[in-house]
Amino acid sequence: PSTVSIVEYVLDKRRQQPAGYFRPSGFGGCDRNNVYHYRREPEELPQHDNRMWKILDIGTRLHDLFQKDYFSEHPDILFVPEPKVEGLLGPLRARVQGHADGVLIRRSDGYRWLLEIKTKSPAAFKSLKEPEPSHVWQVTLYARLLGLHWASIYYFCKGSNAVKEFQVEVTDKQWDKAVKRATHLKMYVDNGTLPKYDENTCSKKFCRWVERCGKDPDGWNS
């Protein structure tokens, strides 16, 4: 591969108008949240108190600990942190873009698999019997767009330091579901319409468009 062509590709891309996209981290959540993000609607900073900001900061630091220390020191493992993921899905060419937590490569045979790290409160961790559906959506997009077939979702309990790990096989069936969902959401983006508000997927505490959604037709404030 030509390193010159790689650099030229990146520089050409930087000059282009930024395109909207779906985030794998939010793909399995609120439909409206996904559409707002793709349309690049102005975001509102969530009104967290200091306790919530500390919780989020601790989660970020724990990610750094696992990525930069634990998963980088095994003699047979090469760890690639935060690979960029990007692709176009379905007939409407829905763009998906994000950064996975990492890819693990076994030096002895070259086997590769995706790693996704999640932190949980003690109560949420205790009730965890299988990976959360939104996390399965997330690793499906990451893994398939990186050419991988397996993912490890690594859950860490912030209270007890206990861990749970779930192996997820990224099947063609699950990928087809992801393509259909991306096409469904992209239809709203292209039509300039909004999905119906769903209180079951609404997270007002973390949503960056909560006020906008409440004012739009059939929003949570209707």
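The values are calculated or read from the model by the stated rules, or taken from the named source; none is laboratory data. Quantities reported herein were computed from a predicted structural model and do not represent experimental measurements. All Cβ positions, even for glycine, are placed from backbone atoms using ideal geometry, and neighbour counts span all protein chains on display. Note: accessible area is taken over every heavy atom of the protein model, side chains too, but ligands, DNA and RNA are not part of it. Shrake-Rupley method; radii C 1.70, N 1.55, O 1.52, S 1.80 Å.
Values as computed for the structure displayed
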quantity	calculated
Segment ASP198-ARG107, length gained on full extension (0.36 nm per residue, minus Cα span)	28.2 nm
13 Å Cα-Cα reach of LYS205 towards aspartates and glutamates, excluding residues that sit fewer than 8 places from it in its own chain	GLU44, ASP49
Total formal charge among the other residues, if their Cβ is under 12 angstrom from that of CYS202, Lys/Arg +1 and Asp/Glu -1	+1
Part-to-part distance (alpha-carbon centres) for the range 87-159 and the range 12-28, which is given in Å	19
List LYS215, LYS177, ordered by accessible area with a 1.4 Å probe, largest first	LYS215, LYS177
The chain, helix-only ellipticity at 222 nm - DSSP H runs n ≥ 4, -39,500 (n - 2.57), divided by all residues, nearest 500	-11500 deg cm²/dmol
Candidate lysines - alpha carbon under 19 Å from LYS129, same-chain residues fewer than 8 apart omitted	LYS118, LYS120, LYS158, LYS164
DSSP beta bridges in the range 1-157 [antiparallel fraction, %, rounded to 5]	65
Unit Cα scatterers, Debye sum, the chain: log10 I(q)/I(0) for q = 0.09, 0.11, 0.13 Å⁻¹	-0.43, -0.64, -0.90
Those lysines that a straight Cα-Cα span of less than 22 Å connects to LYS180, excepting residues fewer than 8 apart in one chain	LYS196
Computed FRET value (nearest 0.05) for ILE6 with SER72, which takes r as the C-beta separation and R₀ as 22 Å	0.35
Equivalent-ellipsoid semi-axes of the range 23-110, from the Cα gyration tensor, Å, largest first	30, 23, 8
Accessible area (Å², per residue) of the range 136-222, counting only protein heavy atoms and a probe of 1.4 Å	56
Total formal charge among the other residues, if their Cβ is under 12 angstrom from that of GLN47, Lys/Arg +1 and Asp/Glu -1	0
Summed side-chain charge close to GLU8 - residues other than GLU8 whose Cβ falls under 14 Å, Lys, Arg +1, Asp, Glu -1	+2
Ranked packing of 129-136, 199-206, most packed first, by mean Cβ within 10 Å	129-136, 199-206
R0 of 35 Å, Cβ-Cβ distance SER121-LEU88: FRET efficiency to nearest 0.05	0.45
